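Beneath this line is the structure, given in structure tokens, with notes to follow.
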Amino acid sequence: MFPISDDNPTLRTPVMTIGLLVITWAVWFFVQGAGSPLPLAISVCDLGMVPGELSRMAPVGYGVPLGRFGDQALACVIDDYAINWLTPITSIFLHGGWGHIIGNSLYLWVFGNNVEDSMGRWRFLAFYLLTGVAAAMAHLAVDPSSPVPTVGASGAISGIMGAYLLLYPHVKVRTFIPPFFLLRFPAWAVLILWFGSQVLAGLPDLSPLRREISGGVAVWAHVGGFVVGAILARWFENKELVRRKVAVSDAKVVWR
């Protein structure tokens, strides 16, 4: 299922959500070469989060194959550089392919604008980064020795989805179900179904999280981000903004 939009109008322009999307796409084009093999491999290796580098459990010098560039084989080699400690944040703005970044951008737009509207712009940014790091730590906890780089905003976006579940569980979400169906479901149904699918995808092998089990997706990062986002939603919400949103929603119902 793919969420397309929701019945939850924003009170203010979601400046921070738009800004995060602009930065994410700028990184994709100007740092990752829009998916070109060499810049993509370099960015993922140098700025992606490698659990084994942070835990020091992966041997320095060990190489993880990253495909080929012309006649050359590419590999990500484990190192002990100081920048590794920043990768839980830098990895949030990196992606592994067109489908990855398009999917994450769609989820960020559909759910992020209203969460920002309920927190305020700077609280929302702090929340986004915090849940992204929490998701990275969840992945690290499940597979601390992994030498495989992890990239993507989906952990932070999972946090937004967890917050949306707490803040707006009954809002209707327009959802595309391939190949032909466009239906409206309450947010709680869409989000709980998504969360359940992540848990089920990770259950077969909690330790370690093997790529053949999860299809190369860090599902426990998604689970961790979602749970932390749901827990922190009430701490980060701006009660006045939420009150105004509820008042506007109630007025819309009465007008109808």
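The values are calculated or read from the model by the stated rules, or taken from the named source; none is laboratory data. Everything numeric here is computed off the predicted structure, so don't read it as measured data. In this analysis, Cβ positions are derived from the backbone assuming ideal geometry, glycine residues included, and neighbour counts consider all displayed protein chains. Note: accessible area is taken over every heavy atom of the protein model, side chains too, but ligands, DNA and RNA are not part of it. Shrake-Rupley method; radii C 1.70, N 1.55, O 1.52, S 1.80 Å.
Quick check: is even one residue across segment 23-36 touching a Lys or Arg at 6+ places or on another chain (Cβ under 8 Å) and modelled with pLDDT under 90? Let's see the steps before the verdict.
Restricting attention to segment 23-36, the residues satisfying the condition of being touching a Lys or Arg at 6+ places or on another chain (Cβ under 8 Å) are none.
So far as segment 23-36 goes, no, none of its residues is touching a Lys or Arg at 6+ places or on another chain (Cβ under 8 Å) and modelled with pLDDT under 90.
Only one of (1) part of a helix (DSSP H, G or I); (2) in contact with a Pro (Cβ under 6 Å, 6 or more places away or on another chain); (3) of a type outside the set (D, E, K, R); (4) within 16 Å of Gly224 (Cα to Cα) fails for Val110. Which number is that?
The failed condition is (4).
Hey, among Leu74, Leu130, which residue is more than 30 Å from Phe176 (Cα to Cα) and touching a residue at least 24 places away in the same chain (Cβ under 8 Å)?
Leu74
Given the options Ile83, Ile101, name the one that is open to solvent by less than 40 Å² (accessible area, probe 1.4 Å), under 28 Å from Ser158 (Cα atoms) and of a type in the set (Val, Ile, Thr).
The unique qualifying residue is Ile101.
If we scan segment 131-139, do we find a residue that is touching a helix residue (DSSP H, G or I) at 6+ places or on another chain (Cβ under 9 Å), modelled with pLDDT of 90 or more and open to solvent by 40 Å² or more (accessible area, probe 1.4 Å)?
Checked against the condition, which is being touching a helix residue (DSSP H, G or I) at 6+ places or on another chain (Cβ under 9 Å), modelled with pLDDT of 90 or more and open to solvent by 40 Å² or more (accessible area, probe 1.4 Å), segment 131-139 yields at least one hit.
Would you confirm, using the coordinates I've provided, whether Leu66 is open to solvent by 20 Å² or more (accessible area, probe 1.4 Å), under 16 Å from Thr150 (Cα atoms) and not aromatic (Phe, Trp, Tyr)?
yes
Tell me, which residue of segment 164-184 that is open to solvent by less than 60 Å² (accessible area, probe 1.4 Å) and aromatic (Phe, Trp, Tyr) is farthest from the chain's Cα centre (by Cα)?
Tyr168
Looking at (1) hydrophobic (A, V, I, L, M, F, W, C); (2) in a strand (DSSP E or B); (3) without any contact (Cβ under 8 Å) to a residue 60 or more places away in the chain, which one does Val64 not meet, given that it meets all the others?
Checking Val64 against (1) hydrophobic (A, V, I, L, M, F, W, C); (2) in a strand (DSSP E or B); (3) without any contact (Cβ under 8 Å) to a residue 60 or more places away in the chain, the one that fails is (3).
Determine if segment 115-122 includes at least one residue that is open to solvent by 30 Å² or more (accessible area, probe 1.4 Å) and either closer than 17 Å to Gln198 by Cα or not in a helix (DSSP H, G or I) (or both). Let's see the steps before the verdict.
Looking only at segment 115-122, we keep the residues that are open to solvent by 30 Å² or more (accessible area, probe 1.4 Å), and these are 121-122.
If we keep only those that are either closer than 17 Å to Gln198 by Cα or not in a helix (DSSP H, G or I) (or both) as well, we get none.
Within segment 115-122, not a single residue is open to solvent by 30 Å² or more (accessible area, probe 1.4 Å) and either closer than 17 Å to Gln198 by Cα or not in a helix (DSSP H, G or I) (or both).
Of the residues Ala75, Ala58, Ala41, which single one is of a type in the set (Gly, Ala, Ser) and part of a helix (DSSP H, G or I)?
Ala41 is the lone residue from the list that is of a type in the set (Gly, Ala, Ser) and part of a helix (DSSP H, G or I).
Could you please let me know if Pro3 is outside any helix (DSSP H, G or I), over 17 Å from Leu140 (Cα atoms), in contact (Cβ under 8 Å) with a residue 60 or more places away in the chain and of a type outside the set (Lys, Arg)?
yes
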